[in-house]
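**Student:** Have a look at this one before I ask anything.
The values are calculated or read from the model by the stated rules, or taken from the named source; none is laboratory data. The shown structure was predicted, so the numbers you read here are calculated from the model rather than taken from an experiment. Reconstructed Cβ throughout: ideal geometry from the backbone, glycine too, with neighbour counts over all protein chains shown. Areas reflect the complete protein model, heavy atoms only, side chains present, ligands, DNA and RNA absent. Shrake-Rupley method; radii C 1.70, N 1.55, O 1.52, S 1.80 Å.
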Amino acid sequence: MLFKQQVLLKQKLLVLGSLAIGSLLYLVARVGSLDRLQPICPIDGRFGLRGQDEIPLRALQYKRGLLHEFRKGNASKEQIRLHSLVQQIPKAIIIGVRKGGTRALLEMLNLHPAVVKASQEIHFFDNDENYAKGIEWYRKKMPFSYPHQITIEKSPAYFITEEVPERIYKMNSSIKLLIIVREPTTRAISDYTQVLEGKERKNKTYYKFEKLSIDPNTCEVNTKYKAVRTSIYTKHLERWLKYFPIEQFHIVDGDRLITEPLPELQLVEKFLNLPPRISQYNLYFNATRGFYCLRFNIVFNKCLAGSKGRIHPEVDSSVITKLRKFFHPFNQKFYQITGRTFNWP
């Protein structure tokens, strides 16, 4: 009898012990799971638009990091689908002008987390062979982006090519168009300098700027010289205005973008209906290079290519005076059409 009672007591103790150990293990597991859940905030952990015109900076910076990985070309179709990435037709295009600062403008706008740039000039609208490939070919040349971001491309030849305004209009009649200009004579000399450098690399000779820009028979400005024609901004703009209202254009001061880039970029942000995100922090002057470089974050800085800021050859002062006098009436008309005045001679 006593033996049976001892056996029953041991069984009860074993049951109670098991229950106690089980309860202790549950509590340990529960506390551990709570610790793991603690860092997840139901508000801060979400990314989403707070309004139609407001884009969360942190979310876009996070997404920009993902885009950088995808641009390496290692992304699978499944990864692209999961991250909702798309290749979008540009909502804005930098259409010109050549040697006005188109590359600098594109790179600086890329500082904005809501902007994604096409790294290469596509030359879709000004190249008949490319244009014949169709709009889907053009779209597939664009970088991956998120639906709420703006894709921007630049091809300065667009501004002076006759067929381009109509072609862009057929694609998107409400697109925003950016034109960056410099003082016309300075721009023409810069244009010449780039061509001259290319000739020198190939050990070829080239005429002096004075001989190209001035007709030797009439001693007047040679309007057949492409560098001169490109600087007659109003002539090209008038062709664009046959398809687009002036409100769809924004004129950027290329000379000011070199010396004071931030105010110019803030005007572009406003034109593109972007929240102000580019600040003085993102721009710093590089004394060695002689122009502003870009700061994306604490570890990633970028300066434009070394070919930017070429030293111009000396040009006869009488030729410069003649060119400035020639451009003056065209400049005045350009001011009148665009509503923006520049301090050009």
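**Student:** Counting only heavy atoms of protein chains, what accessible area per residue, in Å², does the stretch 83-338 have with a probe of 1.4 Å? Can you show the working numbers first?
**Tutor:** Working: 12370 Å² over 256 residues.
About 48 Å² of surface per residue is accessible.
**Student:** Longer than 20 Å from Cα to Cα, which of 99/226; 154/211; 117/140; 211/322; 99/154 are they? Say none if no pair is. Can you show the working numbers first?
**Tutor:** Working: 99/226 13 Å; 154/211 31 Å; 117/140 13 Å; 211/322 13 Å; 99/154 12 Å.
Distance filter (> 20 Å) returns 154/211.
**Student:** Among 281-287, 185-191, 237-243, 247-253, what's the highest-first ranking by average C-beta atoms within 10 angstrom per residue? Display every interim value, and only then the final one.
**Tutor:** Working: 281-287: 12.6, 185-191: 22.7, 237-243: 15.7, 247-253: 18.4.
Order by mean packing, descending: 185-191, 247-253, 237-243, 281-287.
**Student:** Over what distance in Å are the Cα centres of the stretch 226-279 and the stretch 179-219 separated?
**Tutor:** Each part reduced to its Cα centre gives a spacing of 24 Å.
**Student:** Checking the table 141/270; 176/333; 141/333 against a 25 Å threshold on Cα-Cα, which pairs fail? Show your work: numbers first, answer last.
**Tutor:** Details: 141/270 27 Å; 176/333 22 Å; 141/333 37 Å.
Exceeds cut-off: 141/270; 141/333.
**Student:** Ignoring ligands, DNA and RNA, what percent of the accessible area of the stretch 221-345 is carbon or sulfur (1.4 Å)?
**Tutor:** Numbers: 3740 of 7010 Å².
Exposed carbon and sulfur together represent 53 percent of the surface.
**Student:** Once each part is reduced to its C-alpha centroid, what is the distance from the stretch 121-140 to the stretch 290-345 in angstrom?
**Tutor:** 29 Å
**Student:** Using a ≥ b ≥ c from the Cα gyration tensor of the stretch 83-338 (square roots of the eigenvalues), is it rounded, prolate or oblate, where a/c under 1.5 gives rounded and otherwise the larger of a/b and b/c decides, a/b for prolate? Walk me through the numbers on the way to the answer.
**Tutor:** On the way: a/c = 1.69, a/b = 1.35, b/c = 1.25.
Because a/c hits 1.5 or more and a/b exceeds b/c, the stretch 83-338 counts as prolate.
**Student:** Which ³J(HN,Hα) values, rounded to whole Hz and listed in residue order, are derived for the stretch 195-211 from phi using the Karplus coefficients 6.51, -1.76 and 1.60 in 6.51 cos²θ - 1.76 cosθ + 1.60 with θ = phi - 60°, glycine and proline given as x?
**Tutor:** Once θ is set to phi - 60°, the couplings for the stretch 195-211 become 5, 4, 4, x, 5, 5, 4, 9, 6, 9, 8, 8, 5, 6, 4, 4, 6 Hz.
**Student:** Moving to a separate point now. Read phi for every residue in the stretch 138-152 and hand back ³J(HN,Hα) as whole Hz from Karplus 6.51 cos²θ - 1.76 cosθ + 1.60, θ = phi - 60°, with x for Gly and Pro.
**Tutor:** Using θ = phi - 60°, the values come out as 4, 4, 6, 7, 7, x, 6, 8, 8, x, 7, 8, 9, 8, 10 Hz.
**Student:** Quick one: of the DSSP bridges fully inside the stretch 83-338, what percent are antiparallel, nearest 5? Before the final figure, lay out each step's value.
**Tutor:** On the way: 9 of 24 bridges.
The antiparallel fraction comes to roughly 40 percent.
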